[in-house]
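Heads up, the thing below is written out as structure tokens.
The values are calculated or read from the model by the stated rules, or taken from the named source; none is laboratory data. None of these values were measured; they are calculated from a predicted model. Note that we place each Cβ from the backbone using ideal geometry, even for glycine, and neighbour counts take in every protein chain shown.
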Amino acid sequence: MLGNFIDFLEGRKVKIFGKVSAVLVSVFCLTARAEPVMTLITVNTPDPAGYAAWARSNAEDISKANGAVAMGLCSPTTGAEQMGDHYLWSFFPSQQAVWSSDPMNPIVQKAVASMNVERTVRTWDNWRIVRAAETSEKGYYYNLYVKADNPSAYVAALDELHAGMRERGFDVSMQVFMGDTGATAGMIMTSFGSADAAEVGRMLDARTEDWVAKIVSKLDGKREMVHGFSIICETYYAAAS
């Protein structure tokens, strides 16, 4: 069924806000025993503006039909795996919610049928949300894929690093995901971001400082950096909290 839906999305290549309230945080608090999930669809298109316009105009209908609490689009600025890649993401409050979703439901089919953009769906994967953050209308992010021998120790080091940033006045959020499917299964993706692109750069500059090196040294030989990239993300829909 999923294969058929991907074929449908591709259409055989036929040319066819300030801060949003902390929706995820409030939803996740209400479902403390659940495991929140992000679905991430990698779409390659020569018409990013057209695809973004389609996603923006259909995000609310698709999200409500699928049971997602937020949806948006990220576009790489550096480090793209393939030029023309874009990432359509949706957040779900639990594994049950995402597994209950029918990607062939009539509302999604109607939305996809209305798309007049040449595109190819390259990957479609689920990521467990290990650390959530507020969703912003628009943000700039540095993302890193890592293979870690001890994921819990790696996440603990990330928590320490983020706490150190906040103590030193960095206005930077941190999100942590763990791959559930595809080539990224078991991999950790960390996303540091801000509404101010320069603030992300200031954070990266801090990697030369002793306090950062001290934390990172705990991970020497215990993790493998796989892929790093920078992106700009926009939120097109967020459920009312």
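Structure values in brief
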item: Given (1) under 20 Å from residue 231 (Cα atoms); (2) in contact with a Ser or Thr (Cβ under 9 Å, 6 or more places away or on another chain); (3) of a type outside the set (A, V, I, L, M), index of the condition residue 190 fails; result: (2)
item: Qualifying residue in segment 143-163 (condition: touching a strand residue (DSSP E or B) at 6+ places or on another chain (Cβ under 9 Å), at pLDDT 95 or above, among the aromatic types (Phe, Trp, Tyr) and closer than 22 Å to residue 52 by Cβ); result: no
item: Residue satisfying condition, being of a type outside the set (Asp, Glu), modelled with pLDDT under 95 and crowded, with 17+ Cβ neighbours inside 10 Å, within set 18, 11; result: 11
item: Options 188, 215; residue that is in contact with a Lys or Arg (Cβ under 8 Å, 6 or more places away or on another chain) and either in the same structural domain as residue 93 (by TED's automatic domain parsing) or of a type in the set (Val, Ile, Thr) (or both); result: 188
item: Failed criterion for residue 182 (all others in (1) out of contact with any Asp or Glu (no Cβ under 7 Å at 6 or more places or on another chain); (2) at positive phi hold); result: (1)
item: Extreme residue, farthest from the chain's Cα centre (by Cα), among residues of segment 197-241 that are among the acidic types (Asp, Glu) and at pLDDT 95 or above; result: 210
item: Residues satisfying the stated conditions in segment 59-73, i.e. part of a strand (DSSP E or B) and out of contact with any His (no Cβ under 7 Å at 6 or more places or on another chain); result: 70, 71, 72
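Table: residues versus (1) among the charged types (D, E, K, R); (2) at pLDDT below 95; (3) in contact with a helix residue (DSSP H, G or I) (Cβ under 7 Å, 6 or more places away or on another chain); (4) surrounded by fewer than 22 Cβ atoms within 10 Å (Cβ to Cβ).
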position: 56; (1), (2), (3), (4): yes, no, no, yes
position: 64; (1), (2), (3), (4): yes, no, no, yes
position: 67; (1), (2), (3), (4): no, no, yes, yes
position: 73; (1), (2), (3), (4): no, no, yes, no
position: 86; (1), (2), (3), (4): no, no, yes, yes
position: 93; (1), (2), (3), (4): no, no, yes, no
position: 96; (1), (2), (3), (4): no, no, no, yes
